[in-house]
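The values are calculated or read from the model by the stated rules, or taken from the named source; none is laboratory data. Everything quoted here is computed from the prediction, not taken from an experiment. Counting neighbours? That spans all protein chains shown, and the Cβs are built from the backbone with ideal geometry, glycine included.
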Amino acid sequence: MSAFNFPKSARLLRPAEFKNVFNDPVRFSRNGVIVLARKSTSATARVGLAVAKKHVKRAHERNRIKRLARETFRLHPVRNCGMDCVVLVRHGVAEASNEELRTALNAAWKRLFEQCAAS
């Protein structure tokens with residue numbers, strides 16, 4: 001069961017870590033969800049969440065989106081790859097269903113995993 005945990009070491013925490021991803025990232029976008037990724041020096045993947053109040057007004061909707069992003073990241077094998085990822089959203093993503101968000105996020109993780117395996 002420990003393979004499915006989400007430790008603090010799997011998260012981007014400091015602004016400098018986010019800035020590193022924003023400098024020349026690989027970008028994936030679908031259904032209002034944007035995932036930026038960049039190779040890192042660590043052996044495992046890390047994720048940062050930036051769900052802006054400007055795009056998703058209600059706190060419970062922002063929390064739902066962040067919860068789904070963490071869950072899909074935690075369950076996907078992209079964690080075994082040395083990448084830093086940041087999840088962003090566009091306006092209107094709050095209207096998307098949980099299944100639409102899961103599909104978009106899983107597609108992003110799959111694409112990033114394929115790129116990581118190829119390099």
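Of the residues that make up the range 86-109, is at least one farther than 16 Å from V26 by Cα, surrounded by 15 or more Cβ atoms within 10 Å (Cβ to Cβ) and among the acidic types (D, E)?
Yes: one or more hits.
Are there any pairs, at least 6 apart or on different chains, whose C-beta atoms fall under 9 Å, with the first in the range 92-114 and touching a residue at least 12 places away in the same chain (Cβ under 8 Å) and farther than 25 Å from K53 by Cβ and the second of a type in the set (K, R) and surrounded by fewer than 18 Cβ atoms within 10 Å (Cβ to Cβ), and if so, which?
From residues that are touching a residue at least 12 places away in the same chain (Cβ under 8 Å) and farther than 25 Å from K53 by Cβ, the pairs are A107/R30.
From the list R27, R11, which one is touching a strand residue (DSSP E or B) at 6+ places or on another chain (Cβ under 8 Å), under 25 Å from A94 (Cα atoms), exposed (fewer than 12 other Cβ atoms within 10 Å of the Cβ) and of a type in the set (D, E, K, R)?
Sole residue among the options that is touching a strand residue (DSSP E or B) at 6+ places or on another chain (Cβ under 8 Å), under 25 Å from A94 (Cα atoms), exposed (fewer than 12 other Cβ atoms within 10 Å of the Cβ) and of a type in the set (D, E, K, R): R27.
What number goes with the only condition from (1) more than 21 Å from L112 (Cα to Cα); (2) acidic (D, E); (3) under 13 Å from the mean Cα position of the chain (by Cα) that E95 does not pass?
(3) is the only condition that E95 fails.
Mind checking whether some residue in the range 35-48 is in a loop (DSSP other than H, G, I, E, B) and in contact with a helix residue (DSSP H, G or I) (Cβ under 7 Å, 6 or more places away or on another chain)? Please lay out each step first, then the result.
Of all residues in the range 35-48, those in a loop (DSSP other than H, G, I, E, B) come to 40-45.
Checking the rest, the ones that are also in contact with a helix residue (DSSP H, G or I) (Cβ under 7 Å, 6 or more places away or on another chain) come to 44-45.
Yes, because at least one residue in the range 35-48 is in a loop (DSSP other than H, G, I, E, B) and in contact with a helix residue (DSSP H, G or I) (Cβ under 7 Å, 6 or more places away or on another chain).
Which residues, counting only those in the range 69-85, are assigned to a strand (DSSP E or B) and modelled with pLDDT of 90 or more? So that I can check it myself, show each step before the final result.
Step one: list which residues in the range 69-85 are assigned to a strand (DSSP E or B), which gives 83-85.
Passing the criteria: D84, C85.
Give the residue that is nearest to G32 (Cα to Cα), with candidates limited to residues of the range 93-119 that are at pLDDT 90 or above and outside any helix (DSSP H, G or I).
A96
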